[in-house]
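Data block below; observations after.
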Amino acid sequence: MDKSWMHSDRRSKAYEFGVEAFLNFAVENLLTTTHIRCPCVKCVNLKLFGVGIIRDHVYFNGIDQSYKNWTFHGEPWEATTNASRNVEEDDGHSRYSFVSEEIDMDDNDFGDFGSDPYEFANVIGDGDQPVYPGCRKYTKLSALVKLYNLKAKHGMSDVCFTELLILQGDLLPEGNTIPTSMYEAKKTLCALGLSYEKMHACPNDCILYRKEYEDSTNCPTCGISRWKEGKDSILKEGVPAKVVWYFPPIPRFKRMFQSHETAKSLTWHAARKSIDGQMSHPADSPSWKLLDDKWPEFGNEPRNLRLALSSDGFNPHSSLSSRYSCWPVILVTYNLPPWLCMKRKFMMLTLLISGPKQPGNDIDVYLERLIDDLKSLWVGIRGVYDAHNGEYFTLRAALMWTINDFPAYGNLSGCVVKGYKACPICGDDTPSHRLKNGHKICYIGHRKWLPINHPYRRQRAAFNGKPEYGIPPEPLTGEEVLHMVENGDRVCWKKKSIFFDLEYWKSLPVRHALDVMHIEKNVCDSIIGHCWRSLEKIKMGLLLD
């Protein structure tokens, strides 16, 4: 497109025709007349106005003549920047390769965001700008990501990081683009979807200091102070006793659709065909099909996301003697094909619940912020740009189930997982027995899940001395569980799970699942342990002979 009019006299016909051609180009590509970035010399693409106001600004203030690539107004990025990409590694790798290694992104995640005018235009500009004139190894973005990675790795404070940035700016040649403060660095990185929220929490897991408790200084439940107590027993006002980190998933979902390849992969499930009748993907599951049938407006849009949530405690200090327990909460996107959905870059950390003790049944307190976002995603997030189809759409998402080990299963579902009624399926009819000498509770009714004519059902000596003629119970539906916990029938339930706040949760046939790792480990441990014990008995018999 001819852009020579940008250098013409603003009173000339060439300039007038050029302005109209520019505005028509922007409206045609952005599909809007009310939210367009103004390219005049005063606004420099930082403010959004309607077409009429932009026309006046461009005439009165003039257009920014350095704005040669109209990436903010719908011009494809790759088509206008291939000629200017002169910053490459000596080994032939792209200058984006270092950034992709640091934040685990593919090369195309930087180069093919399509015509989205808002989210990533500034990031792309930083990725194209060398850190100083003549630098061939680092761009502004890659250098900043590397520096921020060192800050996080070594626990550098914000003040120290700001002073490091100032020193780096003084050491580099004139004209360098290193930010001069932590605030400027965060503005750049937040556009990548790396922003987070720090929420203060009660050390006893009673509340989060948000909404009506935002200005409180003491927990209304237990009365403990919000602030940390020093070694001299004096409260350090302004220093929270417990902090929870929240990483909003909605900006990252938007970012996924801003990549051509990723946006295409997010509709992979709609194009696949299951011809063998087997469950090879969550799209073949009853939960997926129920969402499609019960809410057809949700199922008819293949870009709507199906999610799974997983959480477990771990010790970040790598010390077996430490009892510190930190709990991450991770979301997995099932729209992607199997070879992508479990890759690290698509597994989203949404919550990081600090220790030192595990939240236990009070984990619902920390999930409040995430549940609010899941509610918003179920209603719909308007104005999400799909780079693959080149259009805006309303994004919706549903949480299909959680995946945990058995103790965390109890914390999230509210089900009792210890004692005489520890089976979530059997409930009150759990066949439990307390060992007389071992003083442990064992569960001996597992044979009822075998086929009715299975020989193990008739064996007595190998099991509990009795045959098994029972039939397996039917799992409780979500409506039945909700009715039980709301009406006080909580023999097998400790609480009402916060997931029931989601409109669709009670309708799902499978709401909580156990992870394969723990099941395989426990089964293999039992089999190997039994084999070793049998082998030891054989060896002892040979020695005695």
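The values are calculated or read from the model by the stated rules, or taken from the named source; none is laboratory data. Note that the coordinates shown come from a computational prediction; the quantities given were computed from them, not determined experimentally. As a convention, Cβ positions derive from the backbone with ideal geometry for all residues, glycine included, and neighbour counts pool all protein chains shown. Protein only, heavy atoms only, side chains kept; ligands, DNA and RNA dropped before computing areas. Shrake-Rupley method; radii C 1.70, N 1.55, O 1.52, S 1.80 Å.
So which strands (runs of 3 or more DSSP E) stay within the stretch 161-250 end to end and still have 1 or more residues that are within 23 Å of ASP372 (Cβ to Cβ)?
Details: elements: 197-200, 227-229, 235-240, 243-246.
Answer list for the stretch 161-250: 197-200, 235-240, 243-246.
In the stretch 279-308, how many residues are touching a Leu at 6+ places or on another chain (Cβ under 9 Å), over 14 Å from LEU395 (Cβ atoms) and without any contact (Cβ under 8 Å) to a residue 40 or more places away in the chain?
1
Looking only at the stretch 366-396, filter to residues that are touching a strand residue (DSSP E or B) at 6+ places or on another chain (Cβ under 6 Å) and among the aliphatic types (A, V, I, L, M); which one of those is most open to solvent (accessible area, probe 1.4 Å)?
Here the answer is ILE381.
Would you please name the residue that is least open to solvent (accessible area, probe 1.4 Å), looking only at residues in the stretch 452-507 that are among the polar types (S, T, N, Q) and in a loop (DSSP other than H, G, I, E, B)?
The initial filter retains those residues of the stretch 452-507 that are among the polar types (S, T, N, Q), namely 453, 459, 464, 477, 487, 497, 507.
Cutting the leftovers down to in a loop (DSSP other than H, G, I, E, B) gives us 453, 459, 464, 477, 487, 497.
Working: ASN453: 122, GLN459: 71, ASN464: 64, THR477: 62, ASN487: 101, SER497: 2 Å².
Here the answer is SER497.
Could you tell me which of the residues LEU320, LEU290 is outside any strand (DSSP E or B), modelled with pLDDT of 90 or more and open to solvent by 40 Å² or more (accessible area, probe 1.4 Å)?
Numbers: LEU320 fails: modelled with pLDDT of 90 or more.
Being outside any strand (DSSP E or B), modelled with pLDDT of 90 or more and open to solvent by 40 Å² or more (accessible area, probe 1.4 Å) holds for just one of LEU320, LEU290, which is LEU290.
Need the failing condition index for LEU412 against (1) touching a helix residue (DSSP H, G or I) at 6+ places or on another chain (Cβ under 9 Å); (2) open to solvent by 100 Å² or more (accessible area, probe 1.4 Å), just the number.
That leaves (2) as the condition not met.
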